[in-house]
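Notes for the one structure printed next.
FYI, it's all coordinate maths here, none of it is from the lab. Small disclaimer: the values here were computed from a predicted structure and weren't measured. No Cβ is skipped: glycine too gets one built from the backbone with ideal geometry, and neighbour counts run over all protein chains shown.
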Amino acid sequence: MAKVVALANQKGGVGKTTTAINLAASVALIGRRVLLLDADPQANATSGLGFDINLDGIYECIVGEKEPAEVTLHSQDVKNLWLLPSSINLVAADTELPAMDDAHHIIKGIVDKVRDRYDYIFIDCSPSLGFTTVNILTAADSVLIPVQCEYLALEGLSKLLNTIKKIKGGLNPSLQIEGFVLTMYMRNRLNNQVVAEVREHFGELAYDTVIQRNIRLGEAPSHGKPVMLYDAAATGSVNYLNLAREFLKRNEKK
């Protein structure tokens with residue numbers, strides 16, 4: 001049964017979708033079977049893997065029009081990577097989900113239908129803490145939190161952590177924090193201070209691997225590819241492959 005990992009941060013622009021795409025692709029390249037579920041109406045993870053953002057996907061599963069296996073797409077570039085796509089239609093989910101039976105567990109029901117097909121399922125959440133994101137956190141085993149190496153990024157963490165605490169206290173008692181991934185790092189005093197503070201405050205939950213600012217990371221989505229397939233030698237490629245190895249080491253200890 002797959003481990004379900006939600007990538008969440010209500011602050012936009014912190015490298016969440018970039019991390020979702022490239023961590024999922026890296027884990028798949030290492031040899032695990034991976035599903036990336038795009039749960040952001042902007043559908044950037046979908047387009048970033050080279051797929052049409054107007055296809056049926058997670059929204060149609062939520063409203064009961066499709067089964068997840070019907071709309072899951074297989075990456076042509078990465079053998080062990082699949083995508084459950086998103087589209088702008090997903091904007092409606094925040095208002096439609098609350099009216100459904102067993103409303104908080106709709107996405108869990110969708111994920112449970114395909115869990116046995118993969119080793120890991122990564123879910124790219126929207127940059128909000130609306131009903132859809134709460135639904136995802138109810139479905140997840142853990143939450144991976146990308147944190148930009150700037151102080152303003154730290155200020156927004158408390159709201160997300162409070163939301164996780166509330167869900168753990170009610171809807172999903174087994175929910176864990178997978179860890180914090182520091183992103184958009186540059187070698188300067190400010191970024192070093194933020195890294196030090198995150199590691200001091202969160203201890204082992206802060207990943208050793210830091211994702212550096214890298215122009216190739218920004219270019220790769222426009223080519224519909226994970227960065228390591230766009231430029232294998234790029235700093236971003238090395239960073240995300242190292243993150244994948246660290247992620248697997250944490251999750252597959254003998």
Would you work out which of Gly218, Gly236, Val71 lies farthest towards the positive end of the dipole of the chain, given +1 charges on the beta-carbon of Lys and Arg and -1 on that of Asp and Glu, about the Cα centre? Gly236
List every residue whose amide H lies under 5 Å from the amide H of Lys11, counting only residues 5 or more places away in sequence or on a different chain, with H placed 1.01 Å from N in the peptide plane. none
Given [x] 16.9, 52; [y] 20.9, 84; [z] 18.2, 54, which label gives Rg and Dmax of the Cα atoms in Å as computed from the coordinates? [x]
Where the centroid of each part is defined by its Cα atoms, how far is segment 215-232 from segment 159-196 in Å? 25 Å
Which of the residue pairs Lys16/Lys253; Lys3/Lys108; Lys79/Lys225; Lys3/Lys249; Lys11/Lys253; Lys225/Lys249 have a Cα-Cα distance greater than 21 Å in the structure shown? Lys16/Lys253; Lys11/Lys253; Lys225/Lys249
Evaluate the charge dipole of the chain about its Cα centre and quote only its size in Debye, nearest 20, assuming +1 on the Cβ of each Lys and Arg and -1 on the Cβ of each Asp and Glu. 980 debye
Quick one: which of 132-141, 67-76, 16-25 comes out on top by average Cβ neighbours within 10 Å, and what's the full order, highest first? 16-25, 132-141, 67-76
For His104, what is the net charge nearby, where nearby means another residue's Cβ is under 15 Å from its Cβ and Lys, Arg count +1, Asp, Glu -1? -2
Within segment 163-254, GluC sites (Glu not before Pro) in DSSP loop having at most 12 other beta-carbon neighbours inside 10 Å: Glu252
For segment 182-254, rounded, prolate or oblate, judged on the Cα gyration tensor with a ≥ b ≥ c (square roots of eigenvalues), a/c < 1.5 rounded, else prolate if a/b > b/c? oblate
Sparse-neighbourhood loop hits (trypsin sites (Lys or Arg not before Pro), segment 125-201; DSSP loop; Cβ within 10 Å at most 13 others) -> Arg187
What number comes out for the charge environment of Val194, summing +1 per Lys or Arg and -1 per Asp or Glu over other residues with Cβ under 15 Å away? +1
Would you give the gap between the C-alpha center of segment 1-31 and the C-alpha center of segment 38-80, rounded to a whole Å? 15 Å
